[in-house]
Amino acid sequence: MTSSPDIPDNLIEIRDPEIDPTAIMAEIRVRVEQRRRELGYDNRRFPTFGTADYPGEPEDIPFDDLLYHHLRLANRHYAEVETRPVLVSSPATRLPLLGRLWGLIRGGAHNLVLFYVNRLAAQQININRHLVSVLNRQAAQAQAQERRLQQLEEELAHLRSAKDKAGE
């Protein structure tokens, strides 16, 4: 079982210099993984709750300004939905007696529609949250890959330089 970033090694606080909590946690993880294999458990990883955080614009690698502009806006606005009833004035509501009744019926009908629209909006916000989380994770992975690519290019340039010097 690999060390999970969600479970810290300092989960247990021990103030005895002869005991290493990190080693104990590593041993617990090994034994749990071994026992899970013996019992035939699936090796599933469950996602954490919430939205993957916006990775932010990288400072050490080149990036697409437009991509991060839209990603920032998607993170800011994915949960915004306006569903308040907007009832504009109607000539029918100005009639004495019947106008009041029409206003009540009209307001009730709008509230009924908004009830179902709000249910749909809540579902859409949940989908939006997942989509924004995917985009955030992909942006973070792209940043990591770009950093690794730069590192490999530097190593390749260094090796080429060392080869050229050795060939002279």
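The values are calculated or read from the model by the stated rules, or taken from the named source; none is laboratory data. Fair warning: this is a prediction, and the values are worked out from it, not measured in the lab. Cβ sites come from the backbone with ideal geometry, for glycine too, and all protein chains shown count toward neighbours. These area figures cover heavy atoms from the full protein model, side chains too; ligands, DNA and RNA do not enter into them. Shrake-Rupley method; radii C 1.70, N 1.55, O 1.52, S 1.80 Å.
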Practice task
Answer yes if at least one residue in the stretch 75-91 is at pLDDT below 90 and part of a helix (DSSP H, G or I), and no otherwise.
Solution key: yes
Problem - Yes/no for Ser133 being open to solvent by less than 100 Å² (accessible area, probe 1.4 Å) and in contact (Cβ under 8 Å) with a residue 24 or more places away in the chain - result: yes
Problem - In the stretch 95-129, residue farthest from Arg72 (Cα to Cα) [restricted to those that are under 38 Å from the mean Cα position of the chain (by Cα) and among the charged types (D, E, K, R)] - result: Arg119
Practice task
Considering each residue of the stretch 20-53, count those that are open to solvent by 80 Å² or more (accessible area, probe 1.4 Å), at pLDDT below 80 and in a helix (DSSP H, G or I), and give that number.
Solution key: 0
Problem - Test set (1) more than 26 Å from Asp65 (Cα to Cα); (2) open to solvent by less than 80 Å² (accessible area, probe 1.4 Å); (3) in a helix (DSSP H, G or I) - Ala144 fails condition number - result: (1)
Practice task
Take Leu135 and decide whether it is closer than 19 Å to Ala52 by Cα, in a helix (DSSP H, G or I) and in contact with a helix residue (DSSP H, G or I) (Cβ under 9 Å, 6 or more places away or on another chain).
Solution key: yes
Fill in the blank from the handout: Counting only residues in the stretch 75-126 that are within 30 Å of Gly56 (Cβ to Cβ) and free of Cβ contacts under 8 Å to residues at least 24 places away in the same chain, the one surrounded by the fewest Cβ atoms within 10 Å (Cβ to Cβ) is identified as Glu82
